[in-house]
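Below is one structure, written out as structure tokens, with a few remarks after it.
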Amino acid sequence: MTDGLGPLRDALPGEALHARVTRTLREAILAGHLPEGTRLPGHRALAAQLGVSRNTVVDALGQLQAEGYVHASTRSGTRVAVPGATFPSTTTQPPDTPLPLSAWATRALAGHVPDAGGGYEVDFRVGQPVPELYPAGAWAQALARQAQAAAQGTARPSGLEAELGPLETRRALAAYLNAERGARVTPDMVMLTGGTQASLDALARLFLEEGRVAALEDPTYPGARAALSATGAALWPVPVDAGGLNPAGLPFAATLLYLTPGAQYPTTVALPAARQAEVVAWARSANALLLEDDYAADLHHAGRPPAALQGLAPERVILLGSFSKSLAPVTRSGYLVAPAPVIRVLAGTRPLTDRAPATLDALALADVLASGAYARHLRGARQAIAHRHEVLRSALQVRLPTWQLTPTRAGLHLHVTLPAGLDEAAAVLGAAGAGVALTPASPLARLVRPPAVLLAFAHLPPEQLREGVTRLARMFGRPAPT
Ligand SMILES: Cc1ncc(COP(=O)(O)O)c(C=O)c1O
């Protein structure tokens, strides 16, 4: 019996028995329980002590000898060959000293909003997947076709193409953006990314640091705020009113402005042409880049969406797009469109991070875009989403007429200003008491704004939407009409 050894350690997931025996012995040695020079019992005795077969012990000792932890000789048996007491006996425990976090990580974590949990009867909170948007059949076929082509020896992209993504995907995207978004794009202006968050992170690291200014709409998308503020740059909130971003609130100078002109997030208002022109004129005079988040490009439910700002100033606007809403169940996927000097720097720095976008996903995306399958699928999904929007809008108007709905032509949620006398926290807590989850709007703003909530509707079937409004009306409004 070797006292210092202790019992066999609990198995780690996937760990074979001989590896477990090896680890038990190695940890006992490193913890100093089996000091250097200790003679281990014979194979049979050790096997009995650990409750394993002799062969398993032979395997384990062979491994420890190869690693240099023990030394075996016919004269003196198997002896421990290294000094111990250098490591704690358990290796899966987290260290109890604070991690040496960088300033970036500290700032990034400070912006994190904890999840409020689940268990609601009707969950109107934003950011939920909409299964109808996923083109399951077309995507599966495209992926299979492209995997087959790759297996037959398609060459891997090289040079610039590797960093930006396959040329056929960038061609398909340029054609889609020029046709559908009124953009002015050539394939060499396109870079594929893992979604808008990845695009924002890459751009924030390129252009922002302490001492610089990033302007952004207020209220705004928290993912954008977090990426920009983690760089240490000062954030300049530009007020949003009933006409979207108000250019009168733009700073004298800034490195960049993040904005959502197609459907302001979260108020969903489109930026009128006159204000777009003012923003572009400001950017030219301040020599600022415009980061246009076109998140609602495909998500319009009434008529065609307004053209992208990028078409007005392709030399200054970086257009950010995402497929991660539609392809969410299987992959994250997005792109950015930027002028040539910005693309060159992005391509030059990408090898330091993720090297290149996932090739197979990118090729499948080219396939579904170029074949028209993506557009066809989305047309159907948009109809369902438009119907859901109408169901929620009319139910709220009838049952909660003092809740003021911002007219919405795109996106997946409604922005609702609360009536006088009902503050946001009371609305969110009251709704939760009725089994309904709402997103409060004030955490998205830094400037003072009227109390408001967001209700995502696209992920919920019509009967759930009506049920949610019935519950809210019972809590805050009129009884159901009889
Ligand atoms: C304003 C805004 N931008 C971008 C995105 C998409 O970001 P990503 O591609 O990182 O999922 C969303 C999705 O919720 C959004 O609401």
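Laboratory data are not the source of any read-out in this text; all were calculated from the coordinates shown. These figures come from a predicted structure and were not determined experimentally. Heads up, the Cβs are rebuilt from the backbone with ideal geometry, glycines too, and the neighbour counts pull from every protein chain shown.
Counting C-alpha atoms alone, how compact is the range 138-252: give Rg to one decimal and Dmax as a whole number, in angstrom.
Reported Rg and Dmax, both Å: 18.9, 58.
Counting only other residues whose beta carbon sits under 15 Å from that of residue 145, what net charge do I get with K and R as +1, D and E as -1?
The answer is -3.
May I ask for the distance between the Cα centers of the range 217-282 and the range 14-73, given as a whole number of Å?
Cα centroid of the range 217-282 versus Cα centroid of the range 14-73: 63 Å apart.
Of the DSSP beta bridges with both residues in the chain, give the percent that are antiparallel, rounding to the nearest 5.
55 percent
Ranked from highest to lowest mean number of other Cβ atoms within 10 Å per residue, what is the order of the peptides 357-366, 5-14?
Averaged packing, sorted descending, gives the order 357-366, 5-14.
Do you know the relative contact order of the chain, to the nearest whole percent, from alpha carbon pairs under 8 angstrom that are 6+ apart?
Once normalised by length, the contact order is 17 percent.
Long-range amide H contacts for residue 236: which residues qualify at under 5 Å (H placed 1.01 Å from N, peptide plane, sequence gap of 5 or more or a different chain)?
Under 5 Å from the amide H of residue 236 lie the amide H atoms of 214, 215, 216, each far enough along the sequence or on another chain.
Please identify the DSSP H helices in the chain that span no less than 18 Å along the helix axis (Cα) and have a mean Kyte-Doolittle hydropathy of -0.5 or more.
17-30, 54-67, 136-151, 167-180, 273-286
Kindly state, to the nearest 0.05, the FRET efficiency for residue 376 paired with residue 212, given R0 = 56 Å and r defined as their beta-carbon distance.
Computed FRET efficiency for residue 376 and residue 212: 0.80.
Set the Förster distance to 22 Å, then compute FRET efficiency between residue 75 and residue 54 from the Cβ-Cβ distance, nearest 0.05.
Result of the calculation: an efficiency of 0.55.
Compute the orientation-averaged projected area for the range 1-68 from the convex hull of its Cα atoms and round it to one decimal in nm².
Computed as one quarter of the Cα hull surface, the answer is 4.3 nm².
Subtract the Cα-Cα distance of residue 422 and residue 110 from 0.36 nm times their separation in residues, and report this length gain in nm to one decimal.
Extending this stretch completely gives an extra 109.4 nm.
Give me Rg over Rh for the chain, both radii from the alpha carbons and Rh done the Kirkwood way, two decimal places.
Ratio value, two decimals: 1.11.
Just grab the label-to-label distance for residue 281 and residue 234, each label 7 Å out from Cα along the Cβ direction, in nm (one decimal).
The two pseudo-label positions are separated by 2.6 nm.
Applying the Karplus parametrisation 6.51 cos²θ - 1.76 cosθ + 1.60 with θ = phi - 60° to the phi angles of the range 247-257, what ³J(HN,Hα) value in whole Hz is obtained for each residue in order, glycine and proline being reported as x?
Listing the rounded values in order: x, 4, x, 6, x, 5, 9, 7, 6, 7, 10 Hz.
List every residue whose amide H lies under 5 Å from the amide H of residue 70, counting only residues 5 or more places away in sequence or on a different chain, with H placed 1.01 Å from N in the peptide plane.
Under 5 Å from the amide H of residue 70: 65, 81.
Let me understand the range 133-374 better: what is its radius of gyration from the alpha carbons, and its Dmax, in angstrom?
Over the range 133-374's Cα set, Rg and Dmax evaluate to 17.7, 58 Å.
Toward the positive end of the charge dipole of the chain, about the Cα centre and with charges on Cβ (Lys, Arg +1; Asp, Glu -1), which of 202, 383, 417 goes farthest?
Sorting the options by dipole projection puts first 383.
State, to one decimal in nm, how far the label point of residue 16 lies from the label point of residue 307, with both points 7 Å from Cα in the Cβ direction.
6.5 nm
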